[in-house]
Each structure stands twice: as structure tokens, then as C-alpha cells.
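What follows draws every value from the coordinates through simple rules; no lab data is involved. None of the values given here were measured: they were computed from a predicted structure. FYI the Cβ positions are ideal-geometry reconstructions off the backbone, even for glycines, and counts take in every protein chain you see.
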Amino acid sequence: MKRSYSSGSALVICDLRGTLTHGEPLLELVKAMLPQAGEIQRAAEAVIQRLEDDEISLAETLGMIAGLCKNGKLRKAVEYATFKMKLVNGFDQFVDCLHKAGIGLAIITPLFGVLTETLRNIYGHDRFRRIISNPLQFALDGDPRAAVDDSRLCRMIERFFIKARDHKAFDRMQATGKVSLVLDDESRKAELVGKIANSLKVPLEKVAYLASQAAELDVMAQVISHGGKAIAFNYHHRLVQAIDSSEAVQAGQVHWTDARSRRADLSHPASLILEH
């Protein structure tokens, strides 16, 4: 039976990095996992700066950051995502209100899977319909020959929140310095948005996409062309510049909310998403 929808959005898709977080989680993760390694932290800062200056690709950045995470403990990564990752204002309420309204939430992000899986366990597996991220490899004592697969790592993170937080395995389980690249280029987001919507049997006209970066212009164009909502939230000034020079997306077709700021609040896009 074909599912019917009201006139509002049925699915929200966005990136965790940039849109739903402040700062640079990739850099902050390195600092959290290796707090005493000043040289490694400075190297991570240089990598992120080169990415921002368009000197290296996202794929190269992810590979370098993964390498700098080598020997970092799983415990430190989970604790960073739990206590220190800078989620934007209203994140908790946003997740809850979408769930209560029966609107799905999907995340497509280049961030490492250890971060998204931690969030899934904090807020509830039923709060996220799909998550696509890049799995950072972990192994016992950091030995690649003893690497655990992604499903086992997810079970370990789940046990962290149930009863095993103090288990020494979370200290012995360390990053190997390798990452499996699922999303290695921002240009793939448009394709993945289509696949997620199709897998959930949600037409693109019922999709709301929250965008914050110029690289998401193709996704915005795709959603808009099918009658969905493109919402600019916590957006970088480069997104404004990209739209000003774009033929595919016009400023008037975008729902503009908060520019990038510590005051950006998800209650503002939420009101657009929930309207009928």
C-alpha cells in the first residue's frame, strides 16, 4: 500500500558537521582522543586549515585526520561525542519534536561513525531513520590485525551506555589510523539524499534539507526542483555567495533562517518543517 502524507515534510536530512554543530568536530576529536599530543594536534589544525583553503580534498582530509587519531582510545572518542561535541542550540528539542510529529531524521555526514553512533545511543535509535558517516577503524591495542568490524564497534558503543562504561576494553580499543570512506566528497550528497528518500519511500517533495555549506548547492537544487524545502541554517557566508552566483538555486527559493553563529537555534527551521 502506498503511504500517504500530509502537506508538510515527512523527512528531514542534513549534515552533522557544520549544520548541527559548531566548531570543527574532526579537529576536536583528535584533541579529545590524544589530549597530551601537542604536535599531533597542531598537525590536525594545519590539515583543517588546508581543507578550508581548498588546498586538499575532503577525502584527503579524512585520511589525514584518521591517521592522526591513531592510538586514540575509543573511550575518549565516545566521551567527546557525549560531553564535548558542540551541538547547536535546540538540538535535543529538535530531535524530540520531529519524532513526536512522525517526521523522520536522516544524517549524511563525512564525520566518523564513532560520533554518529554515540549520538544514536544518546538520543535513541528510533530518532534517526538513516545515518551515513565514515567508519573510523578501531582495534584491540590499535593493532590492525585485531580490528573490529563496524557492527561490533556499534555494539560496544551501545554497551558503553548500558552497563559497561568502566570496562577496560574501552581503553584498549584504539584507533588504527584507517577510515572507510563512504562519503568522501560533498558532491555525493545529492545522490545519497535521493537514495535515502527512495529507501524510506518518501517522495522528494516531502523532504526538507537543512544546508549550511556552499558544497550543498546541488542537494538544495535537487530538493527544490522536486517541490521539497531547502532550508539554510547555521549557514556559512560562502553558501550565500554560491547562491548569488547560481542559476540552479535562487535566493527566493530558499527558506533562510539563522546565519552561522553561536546563537543559531534549531527552533527556527523546526517551525518551517512543522508547518503545513
Nonlocal Lys pairs with alpha-carbon distance under 17 Å, the range 1-115 (8 or more apart, or different chains): 8
Approximate shape of the range 126-276 as ellipsoid semi-axes (Cα gyration tensor, √5λ), whole Å, largest first: 36, 17, 16
Descending semi-axes in whole angstrom, ellipsoid equivalent of the range 113-157, from the Cα gyration tensor: 22, 10, 8
Segment Asp53-Arg145, extension gain: residue separation times 0.36 nm, minus the distance between their alpha carbons: 29.5 nm
Among Met220, Met156, Met33: highest mean-square fluctuation, GNM of the chain, C-alpha pairs under 10 Å: Met156
FRET efficiency, 1/(1 + (r/R0)^6) with R0 45 Å, evaluated for Glu39 and Leu200 via beta carbons: 0.50
Estimated distance in nm for a label pair at His255 and Phe91, the labels positioned 7 Å out from Cα along Cα-to-Cβ: 2.2
GNM flexibility winner over the chain from Cys97, Cys14, Cys69 (Cα, springs under 10 Å): Cys97
Interchain or long-range residues, amide H under 5 Å from Lys86's placed H: His22
Sequence of Glu28, Glu247, Glu275 once ranked by neighbouring C-beta atoms within 10 Å, starting from the fewest: Glu247, Glu275, Glu28
Where labels lie 7 Å past Cα in the beta-carbon direction, separation of Leu181 and Ile162 in nm: 3.5
Length-normalised contact order for the chain - Cα pairs under 8 Å, 6+ apart - percent: 24
Label-reachable residues, the range 83-100, where backbone N falls under 19 Å from a point 7 Å from Ser267's Cα toward its Cβ: 87-100
Reference-scaled alpha-carbon Rg (2.2 N^0.38 Å with N residues) for the range 90-169: 1.23
The range 184-254: equivalent-ellipsoid semi-axes (sqrt of 5 x gyration tensor eigenvalues, Cα, Å): 20, 13, 10
Lys178 long-range amide H proximity, modeled H, under 5 Å: Gln137
Between helix 38-52 and the chain: long-axis angle, C-alpha atoms, 0 to 90°, nearest 10: 20
Assigned charges on the beta-carbon of Lys, Arg, Asp, Glu; the chain dipole about Cα centre (debye): 1180
0 to 90° range, to nearest 10: angle between helix 58-68 axis and the chain longest Cα axis: 30
Among Ser245, Ser261, Ser133, residue whose mean-square fluctuation peaks in a GNM of the chain (springs only between Cα atoms under 10 Å): Ser245
Backbone N under 11 Å from the Ala248 label point (7 Å along Cα→Cβ), restricted to the range 171-201: 187-191
Calculated Rg and Dmax of the range 1-159 using C-alpha coordinates, Å: 16.9, 58
Two-decimal log10 I(q)/I(0) for the range 22-85, as the Debye equation yields it once each C-alpha is a single scatterer, q = 0.13 Å⁻¹: -0.32
Two-decimal Rg/Rh across the chain, once Rg and the Kirkwood Rh are taken from alpha-carbon atoms: 0.97
Positive-pole candidate from Ala81, Val207, Ala259, dipole of the chain, charges at beta carbon: Ala81
Using alpha-carbon coordinates, inclination of helix 113-123 to the longest axis of the chain, degrees: 70
